[in-house]
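Novice: Got a structure for you, questions after.
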There are 2 protein chains.
Amino acid sequence: MSAAIRAARTLRPAMAASATRPFTTAGAVRLASVKPFHKDEPAGPILKTSSFPGPEATRYAKELNEVFETRSLNMVADYTKSAGNYIADPDGNMLLDVYAQIASIPVGYNNPILRKIAETPEMVDAIINRPALGNFPSHTWASILKTGILKYAPKGLDNVYTAMAGSDSNEIAYKAAFMYRRQMERGGPEVDFTPEEIESAMRNEAPGSPKLSILSFKGGFHGRLFGSLSTTRSKPIHKLDIPAFDWPQATFPQLKYPLEQHAEENAKAEQASIDEVEHLIKTWRVPPAAVIVEPVQSEGGDNHASPSFYQKLRAVTRKHNVLLIADEVQTGLGATGKFWAHEHWNLQDPPDMVTFSKKAQTAGYYFRNIDMRPNKPYRQFNTWMGDPAKALLFRGICGEIERLDLVNNTAKVGDYLFGKLEGLAQKYPDHFQNLRGKGRGTFIAFDHPKRDEFLVKAKSFGINIGGSGASAVRLRPMLIFQQHHADILLEALEKLVKTL
Amino acid sequence: MSAAIRAARTLRPAMAASATRPFTTAGAVRLASVKPFHKDEPAGPILKTSSFPGPEATRYAKELNEVFETRSLNMVADYTKSAGNYIADPDGNMLLDVYAQIASIPVGYNNPILRKIAETPEMVDAIINRPALGNFPSHTWASILKTGILKYAPKGLDNVYTAMAGSDSNEIAYKAAFMYRRQMERGGPEVDFTPEEIESAMRNEAPGSPKLSILSFKGGFHGRLFGSLSTTRSKPIHKLDIPAFDWPQATFPQLKYPLEQHAEENAKAEQASIDEVEHLIKTWRVPPAAVIVEPVQSEGGDNHASPSFYQKLRAVTRKHNVLLIADEVQTGLGATGKFWAHEHWNLQDPPDMVTFSKKAQTAGYYFRNIDMRPNKPYRQFNTWMGDPAKALLFRGICGEIERLDLVNNTAKVGDYLFGKLEGLAQKYPDHFQNLRGKGRGTFIAFDHPKRDEFLVKAKSFGINIGGSGASAVRLRPMLIFQQHHADILLEALEKLVKTL
């Protein structure tokens, strides 16, 4: 039996009151006055079993444990029955999902428009004839890019290399940064490699394999492959036993909440962080070619910083000819109330690169300057270089975002939700600590002293919810999360904290 | 205008004789007596334009160059018109494709069975509801694994972690090797991390981020992310300007051909390589936790070694408690005449891990020992951990391989092709140098002094063919490549070399 199953079995049964019948009527009543984006989703959570996991989920988990990693299992899902904001399990439970596959489902389970796209001949063709995009792109690839990935490019960054997921997107952005840096040092794109560089690179030694670094922030998460993991500074369990590069980390400002009451000390913390970045750029034994930063440190515990911080970060990287990479793997595609979260920074001088994945289903990095493209072919290359099938899906997702005006929806619903959570925080200050994410759409989090228990118990109140960092409860609803979903969530959270 | 387009435009026009009409009748005649696996493919190459790229392909390439990397462009393809072994372009040319998306298309373009699978509700569900597999697997995931990825697992390796592509598959295998090594050093899975390890890992320093390495071979290719690239030793262009780990490389035996005439010196070269591996394991300043090796060094130039070499490699790694990883990203799924190429090694003691991707469309690593699973959850984890949609495709591909007996087909057709190529090598010794891959299915290569010109010109003879290493022409046909395709290829190659 897996640890996850054992752990799950020690759960106390859910409150009888919330089991075996639709969880709440409040949501359903309000629903009548609001048109849901997803017409087939239930009016509220449906709880069929008196505890989680139910008997069918337990059976499936046991079967899965024989063949796959289940120690990180949260729940066995039945996606055929999931709908919109609701994730189903094999016992017939349907939970309001404000975790959404670690922030990766943008427009709802079984979205009917995405279903149609998945059934098109174009998608079928992309699935069964997957090309090596760098060598043998389809004649339709330019059009797919122009009507999709590039149409939604961040302002000022109209070039892209496509990839597979968040980790490799960051790593190929790092590679671009190193190549760009060495090209500058070498004297431009026309200057060729020296024989010594060519020979030493094959031995993994300088100057061919240069001693250069990527600077990241404490609490940052940028992936789990060897380069990306060297910049990840979230939790030891991510990093232990894995060799890493000798790359520097700066302190991320630890803001105090509510922000209005701690303006001065927060500004000091941000300035101290910027000063540390500049110090590390100037003095670290392995010079940084780029700084990578998240608009909100997500895995690290939903740590925010102000637009002023990011403006200063842009200025200090520009000053020292160090590239700035915005890691929008988790923040991109609307959840913060802007399509790209770094739009909140109000930069005149945009980041040099923006990486994306998760809600995009595809991945890659946008970049601002064609000169940042490596000077020769086959330097930024691999067999697949992305996946047209996922690029088609991205286009469909963005079409839904536009059609339903989901970025504005998320901004508005986020404001509503945040306001109500402020009310709960006043009422239950121990249960909603350091509430954060104001003005950042539904990208909201708070700390709870019994966070892990909070997350597990939430299922019995009809909610699937995730955590981040040491003590944060993080909200990552989909973009189709509406005011009536917020009401259901708020009602469940209040009931839940009363039991903790 | 991109370099690729410029380069392509300097091509001389193809021979008039081979243009504007079906390339050959020989293949078509033979075809009558052989049932093709793919019934809709043409009887032979179709050449519509007098040079490559034709006007339509040139137009599409120009459009693409505005939005995507085209300097590595080989040809713009039209996958809607491609069929079986033939890749189409927008000008109506259809080339016999013995490169197959860098060895990644197993059962033909527009395979009708894969098309049906792509249209199933199960596939549509997998595409539009992509789960975070480590947290929220579908109730069908165990069944998909058992009837697919695990059903075709290498003998003795019945566990798997799934991934996205070749590079990350190798990197998560490396992570497993490092975690396993440190666990052994620590005294077993029950022994917890020390506070010093936990604290130093967050600083990328030992002991938490240990000074351990992966040993690879000169000429090896294992991917292009930071860990995998540190083991890749194929070409400088893959590695220049990218920081790398201080990991060791051993010389891969440079066999001389024909093998029968150089048995003694080849055996010596293999023993010298094994001795070097042992020396590096014992003395390298960053101790190896694993050795990674390809059954055939593919990107590095199709370099082979004997089963005896691999048996010795297994013995020396076993002797020193170092794990052995077989990188079957390019060799897996039948092309060498065995489902997994390392079956040719006849090991009693299988490799500890086998990585796979490309023809599998999905990716990951198989491992032999459940004790090699990390001792805690979230150590081998990421958001997606693979992709059920690609796992369904893998299952369909393997179903086709079984139904059509394609591994045996490839073994037989490979023997036939190799025999005929031996004849050509005798007739044109300057054009088919170091012919290799005997008894390895269609995984065949030879060197040509004007290799790059050879590859470009091949299109005008109706063939799409790739290279590897400095001078190799490598054959990577699909598994549905039959004897009549071999005849068409042989006829084209003979005509081609006469012009060089």
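The values are calculated or read from the model by the stated rules, or taken from the named source; none is laboratory data. Please read all numbers here as calculations on a predicted model, not as lab measurements. For neighbour counting, all protein chains shown are included, and Cβ atoms are generated from backbone atoms with ideal geometry for every residue, glycine included. Protein only, heavy atoms only, side chains kept; ligands, DNA and RNA dropped before computing areas. Shrake-Rupley method; radii C 1.70, N 1.55, O 1.52, S 1.80 Å.
Novice: Which order do A:Ser138, B:Ser471 take by accessible area at a 1.4 Å probe, largest first?
Specialist: B:Ser471, A:Ser138
Novice: I'd like the residues of the stretch A:347-370 whose 1.4 Å-probe accessible area shrinks by no less than 50 Å² going from the isolated chain to the full set of protein chains.
Specialist: Listed in order, they are A:Gln361.
Novice: With all protein chains present and a 1.4 Å probe, how do A:Ile325, B:Ile370 order by accessible area, largest first?
Specialist: Reading off the accessible areas and sorting them downward yields B:Ile370, A:Ile325.
Novice: So, one more: What's the carbon and sulfur percent of the protein assembly as shown's accessible surface, probe 1.4 angstrom, rounded to a whole number?
Specialist: C and S fraction of accessible area: 53 percent.
Novice: Sticking with the crude label model, points 7 Å out along Cα→Cβ, report the distance from B:Gln271 to B:Lys146 in nm, one decimal please.
Specialist: 5.0 nm
Novice: Right, another one. In whole angstrom, how far apart do the alpha carbon centroids of the stretch B:35-72 and the stretch A:39-98 sit?
Specialist: Distance between centres, Cα-based: 47 Å.
Novice: Then there is this: Can you tell me the accessible area per residue over the stretch B:45-185, all protein chains present, probe 1.4 angstrom, in square angstrom?
Specialist: On a per-residue basis, 27 Å².
Novice: How many Cβ atoms of partner chains, on average, are near each residue of A:385-397 if near means within 10 Å of its Cβ?
Specialist: Rounded to a whole number, the mean comes out at 2.
Novice: Kindly report the accessible area of the stretch A:289-382 per residue (heavy atoms of protein chains, probe 1.4 Å, no ligands, DNA or RNA), in Å².
Specialist: That works out to 25 Å² per residue.
Novice: Where the centre of each part is set by its Cα atoms, how far does the stretch B:231-260 sit from the stretch A:186-220, in angstrom?
Specialist: Answer, in whole Å: 18.
Novice: Where only protein heavy atoms count, and the probe is 1.4 Å, what is the accessible area per residue for the stretch A:406-500 in Å²?
Specialist: Spelled out: the 1.4 Å probe surface of the stretch A:406-500, per residue, equals 32 Å².
Novice: Quick check: the distance between the Cα centres of the stretch B:310-354 and the stretch B:408-431, to the nearest angstrom?
Specialist: Here the two parts' Cα centres lie 26 Å apart.
Novice: In peptide B:73-84, how many Cβ atoms from other protein chains are near each Cβ within 10 Å, on average?
Specialist: Averaged over the peptide's residues, the number is 5.
Novice: Ranked highest first by average number of other Cβ atoms within 10 Å, how do B:406-414, B:223-231 line up?
Specialist: Taking the mean over residues of other Cβ atoms within 10 Å, the ranking is B:223-231, B:406-414.
Novice: Counting only other chains, what is the mean number of Cβ atoms within 10 angstrom of the Cβ of each residue in peptide A:117-125?
Specialist: 5
Novice: Could you work out the relative contact order of the stretch B:99-258, using alpha carbon pairs under 8 angstrom and six or more residues apart, expressed as a whole percent?
Specialist: Averaging sequence separation for qualifying contacts and normalising by length gives 14 percent for the stretch B:99-258.
Novice: Which is farthest toward the positive dipole end of the stretch A:227-353 among A:Val296, A:Leu240, A:Ala335, measuring Cα position about the Cα centre, with Cβ charges +1 (Lys, Arg) and -1 (Asp, Glu)?
Specialist: Positive-most Cα among the choices belongs to A:Leu240.
Novice: Provide the net charge surrounding B:Ala77, with neighbours chosen by a C-beta distance below 13 Å and charges set as Lys +1, Arg +1, Asp -1, Glu -1.
Specialist: -3
Novice: I need the inter-copy label distances for B:Lys48: point set 7 Å along Cα to C-beta, values in nm with one decimal, smallest first.
Specialist: Spacings between copies for this position, smallest first, are 5.3 nm.
Novice: To continue, here is another question. Show me A:201-214, B:54-67 ranked by packing, highest mean number of other Cβ atoms within 10 Å first.
Specialist: A:201-214, B:54-67
Novice: Ok, one more. Counting only residues 5 or more places away or on other chains, whose amide H sits under 5 Å from the amide H of B:Ala77 once H atoms are built in the peptide plane?
Specialist: Here the answer is A:Ser138, A:His139, since their amide H atoms fall under 5 Å of that of B:Ala77.
Novice: With n ≥ 4 as the cut-off for DSSP H runs, can you work out [θ] at 222 nm for chain A, using -39500 (n - 2.57) per run divided by the number of residues, rounded to the nearest 500?
Specialist: Helix-only estimate at 222 nm: -11000 deg cm²/dmol.
Novice: Ok, one more. Treating the beta-carbon of each Lys and Arg as +1 and of each Asp and Glu as -1, no other charges, what is the dipole magnitude of the protein assembly as shown about its Cα centre, to the nearest 20 debye?
Specialist: It works out to roughly 680 debye.
Novice: May I ask what percent, to the nearest 5, of DSSP beta bridges between residues of chain A are antiparallel?
Specialist: Approximately 65 percent, going by the DSSP bridge assignments.
Novice: While we're on this one: Over both sides of the A-B contact, add up the buried accessible area with a 1.4 Å probe and give it to the nearest 100 Å².
Specialist: In total, chains A and B hide about 11200 Å² from solvent.
Novice: Sequence-distant or interchain residues sharing an amide H contact under 5 Å with B:Tyr378, placed H: which?
Specialist: A:Ser72
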